[in-house]
Amino acid sequence: MTGSMTGHCLCGAVTLSALSHAGTVSACHCSMCRRWSGAAMWVLEAPVGAVEVAGPVERYRSSSFAERAWCGACGTQLWIKDDDGPYELMPGLFDDARDLSLSHEIYVDQAFVSVTLSGGHRRMTQAEYEAAERHVGGEK
Ligand SMILES: [Zn+2]
Ligand SMILES: [Zn+2]
């Protein structure tokens, strides 16, 4: 865990501070993340105790064990979070996230052709990911 960053949504009503974070971002191409984020979703993990949030946050239970949150005023996506897991913050909220590299991407076999990420990062297919992690299969 590294760094300390502050960020905000598009309209500025929601402000966030990540007092520490993973230092790298990851990407997900699963059907839920594609649908929620437009094509793929990038996240930056930060421990629950390291994140401070203020403003009109709205939440949606996207599975039995996770929520997705957004700004109630402008709709900017804020995070996805397992009930017992860290925040997975949208990197775009933080200007300083521009310098963070991509650690891995998951559900690569589900990725849109238009979203092909170059580089030497780790890539996991749906089968590889779901063999190791809790997940929700298929559409909601
Ligand atoms: Zn907003
Ligand atoms: Zn996903």
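Only the coordinates and a few stated rules stand behind these numbers; no lab work does. These figures come from a predicted structure and were not determined experimentally. Reconstructed Cβ throughout: ideal geometry from the backbone, glycine too, with neighbour counts over all protein chains shown.
Counting alpha carbon pairs within less than 8 Å and at least 6 residues apart, what relative contact order, in whole percent, applies to the chain? Kindly include the intermediate steps, with their values, before the conclusion.
Values: 283 pairs, mean separation 34.5, N = 140.
Once normalised by length, the contact order is 25 percent.
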Exercise. If we count GluC sites (Glu not before Pro) as exposed when they sit in a DSSP loop and have at most 10 other beta carbons within 10 Å, what is the longest stretch of the chain that avoids them all?
Worked result: 1-132
Exercise. Does the stretch 34-79 come out rounded, prolate or oblate by the C-alpha gyration tensor, with a ≥ b ≥ c the root eigenvalues, rounded set by a/c under 1.5 and, if not, prolate when a/b is larger than b/c and oblate if not?
Worked result: rounded
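Using only alpha-carbon positions, what ratio does the radius of gyration of the stretch 1-111 give when scaled by 2.2 N^0.38 Å? Display every interim value, and only then the final one.
On the way: Rg = 13.0 Å, N = 111, 2.2 N^0.38 = 13.2 Å.
Computed over Cα atoms of the stretch 1-111, the ratio equals 0.99.
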Seminar exercise, completed: For ALA27, the net charge from surrounding residues (Cβ-Cβ under 12 Å; K, R +1; D, E -1) works out to +1
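How many percent of DSSP beta bridges within the stretch 1-139 run antiparallel, rounded to 5?
80 percent
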Problem set entry | Normalised contact order of the stretch 64-140, rounded percent, pairs of Cα under 8 Å and 6 or more residues apart | 18 percent
Seminar exercise, completed: The ³J(HN,Hα) series, computed from each phi in the stretch 67-72 with the Karplus coefficients 6.51, -1.76 and 1.60 at θ = phi - 60°, rounded to the nearest Hz and given as x for glycine or proline, is 10, 10, 10, 8, 6, x
For this session: Could you list which residues have their amide H under 5 Å from that of LEU10, counting only those 5 or more apart in sequence or on another chain, with H placed in the peptide plane?
Result: THR76
Seminar exercise, completed: From DSSP H assignment alone, runs of 4+ in the chain each adding -39500 (n - 2.57), the sum over residues rounded to the nearest 500 puts [θ] at 222 nm at -2000 deg cm²/dmol
Problem set entry | Long-range HN-HN contacts of PHE65 with modeled amide H, under 5 Å | none
